[in-house]
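Structure first, then comments.
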Amino acid sequence: MSATADNSSAAALLRQPGFAQLLMYRIAAMLSYQIVAVTVGWHIYEITRNPFSLGLIGLAEVLPFFCVAPFAGYLVDHLPRRRLGMAATLGLIATALVLAAVAMGWLPVKGVWPIYLAIALTGMVRAFLSPIYNALFARVLAREQFARGAGFGSVVFQAGMVIGPALGGVLVAWGGKGLSYGVAVVMATLALAALASLKVSEPPPPQTRAPIFASIAEGARFVLSNQIMLGAMALDMFSVLLGGVVAMLPAFIQDILHYGPEGLGILRAAPALGSICVGLWLARRPLQRNAGRVLLFAVAGFGLCVIAFGLSHSFWLSAAILLFYGACDGVSVVVRSTILQLATPDEMRGRVSSINGIFISSSNELGAFYAGSMARLLGLVPAVVIGGCAVLAVAGVTAWKAPQLRRLNLRDLQ
């Protein structure tokens with residue numbers, strides 16, 4: 001793929017039909033997932049009134065994800081990527097349909113176990129979504145467009161996280177859980193349509209296929225041998241695992257901030273809105289020099305925001321804190337995504353992206369389980385404040401132990 005210097009401009013990227021369709025797939029899939037995530041959290045807490053049950057949502061999703069993710073990466077590297085993505089979006093549709101049937105009482109089941117089973121299916125499906133996106137990303141853009149493209153990809157991803165939670169909260173408050181799950185079905189169908197109409201050249205299949213476990217191990221060795229990539233992934237994993245507050249928002253809303261489901265949507269959307277602002281800025285002015293230092297300072301700011309959120313008792317102050325929390329996280333997302341695209345050979349994008357997904361899900365879903373467990377042991381506020389302090393420690397240790405990441409200039413990877 002060739003491109004002139006002008007092709008790296010922001011406007012040139014958005015004029016490319018393949019990239020625009022890929023972004024449509026990403027935002028529609030994210031909207032479906034986020035609407036379900038907000039609705040499931042409200043659904044289960046409404047039944048159990050137990051913060052620990054919110055932590056179990058993360059556990060129910062991450063265990064199947066971990067089991068499927070290594071094989072998902074292998075399949076992305078060896079099968080037609082677009083068709084595999086279409087199959088994954090069908091899984092999103094199936095999950096939302098099952099949850100709608102539970103919410104509407106159409107299934108003769110009781111309790112929360114059918115909800116957790118549906119969440120487990122979501123975890124298996126999610127193992128394919130990001131590797132598909134990352135692999136197709138490299139087929140629709142030239143290499144010199146990756147840094148700006150990662151910024152736009154982050155904007156679209158976070159836009160889904162802004163609109164999805166807000167829409168989910170409004171739909172639950174206005175029409176109930178069944179309507180919210182139904183809209184998630186529609187969003188997943190739009191993601192399916194975007195991939196079905198995407199015209200992209202697929203890489204030729206490998207001449208010889210290594211045994212599946214040897215192929216997965218090859219991808220793992222590649223990541224573990226790259227200090228910059230491994231450091232960025234580990235930094236994100238431990239900071240969000242220890243400092244994530246999103247899973248506890250239903251409990252904060254009802255027990256501390258005293259708001260309804262629409263307030264949950266606002267708080268879920270605030271971090272993503274902050275990330276969108278950062279993503280737009282970095283899409284127009286991509287980081288090149290001192291990217292590693294900027295990343296480390298952003299993670300430290302993330303930890304400070306976690307502490308401030310835990311101490312706040314004002315709804316709108318908490319929303320403002322989460323806005324800055326998301327802005328700091330957005331820097332990490334863009335830098336890590338750019339490293340992933342620039343440092344990964346095309347024939348290994350599926351496997352490396354799956355490993356990255358395991359790191360991210362470790363931070364998000366296991367972080368949700370950790371947060372729920374700590375809240376049960378210590379209470380909501382102490383658990384969050386301690387987590388924020390731990391994030392500051394993670395940033396300090398990473399700056400000390402990963403000098404290549406600390407000195408990173410993205411231009412050196414191009």
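The values are calculated or read from the model by the stated rules, or taken from the named source; none is laboratory data. It should be emphasised that the depicted structure is a prediction, and the values quoted were computed from it without experimental measurement. Glycine also receives a Cβ, built like all others from the backbone with ideal geometry; neighbour counts cover every protein chain displayed. Surface areas here come from the heavy atoms of the whole protein model, side chains and all, with no ligands, DNA or RNA. Shrake-Rupley method; radii C 1.70, N 1.55, O 1.52, S 1.80 Å.
A few points about this structure:
- Size of the range 34-172: Rg and Dmax of its alpha carbons, in Å, are 16.8, 55.
- Dipole of the chain, positive end: most advanced residue of ALA247, HIS78, LEU99 [Cβ charges, Cα centre]: HIS78
- Karplus (6.51, -1.76, 1.60) ³J(HN,Hα), θ = phi - 60°, over the range 176-190, in Hz, Gly and Pro reported as x: x, 5, x, 5, 4, 5, x, 5, 4, 4, 4, 5, 5, 5, 5
- Restricted to Cα atoms, the range 242-314 shows a radius of gyration and a Dmax of 14.9, 45 angstrom.
- Helical contribution to [θ] at 222 nm, DSSP H n ≥ 4, -39,500 (n - 2.57), averaged over the chain, rounded to 500: -27000 deg cm²/dmol
- In angstrom, the C-alpha Rg and Dmax of the range 303-414 are 16.7, 50.
- Inter-centroid distance (Cα atoms) of the range 178-250 relative to the range 16-32, Å: 15 Å
- Length, then width, then depth: along the principal axes, the Cα atoms of the range 226-413 run 49, 34, 30 Å.
- The range 86-154 and the range 358-407: distance between their alpha carbon centers, rounded to Å: 25 Å
- Counting only lysines at least 8 places from LYS401 when in the same chain, there are none with an alpha carbon closer than 20 Å to its own.
- Candidates SER354, SER154, SER53: whichever shows maximal mean-square fluctuation once the chain is modelled as a Gaussian network with Cα springs under 10 Å: SER53
- Accessible area per residue, Å², the range 274-414 with all protein chains present, probe 1.4 Å: 41 Å²
- Here the chain is treated with +1 on each Lys and Arg Cβ and -1 on each Asp and Glu Cβ, and its dipole about the Cα centre works out to around 640 debye.
- The magnitude of the dipole of the range 1-145, with charges of +1 and -1 set on the Cβ of Lys/Arg and Asp/Glu and taken from the Cα centre, is near 180 debye.
- Given charges at Cβ of Lys, Arg, Asp, Glu: the chain dipole, positive-most of VAL352, MET24, MET237: VAL352
- Accessible carbon and sulfur surface of the range 16-197 relative to its total accessible area, %, 1.4 Å: 73 percent
- Entry comment: accessible area of the range 16-197 is 35 Å² per residue, from protein heavy atoms only and a probe of 1.4 Å.
- In terms of the mean number of neighbouring beta-carbon atoms within 10 Å, the peptides 121-130, 185-194 order highest first as 121-130, 185-194.
- Restriction of the trypsin sites (Lys or Arg not before Pro) in the range 369-414 to DSSP coil positions whose beta-carbon has at most 13 other beta-carbons within 10 angstrom yields ARG407.
- Ranking LEU129, VAL172, LEU56 by how far each Cα lies toward the positive end of the dipole of the range 16-197 (charges on Cβ) leaves LEU129 at the top.
- Surface calculation, 1.4 Å probe, protein heavy atoms: VAL112 sits at approximately 30 Å² accessible.
- For the chain, alpha-carbon Rg over 2.2 N^0.38 Å: 0.93
- With every protein chain in place, the range 226-413: carbon and sulfur % of accessible area (1.4 Å): 67 percent
- Bridgeable lysines around LYS110 (alpha carbons under 27 Å apart, same-chain partners fewer than 8 residues away excluded): LYS177.
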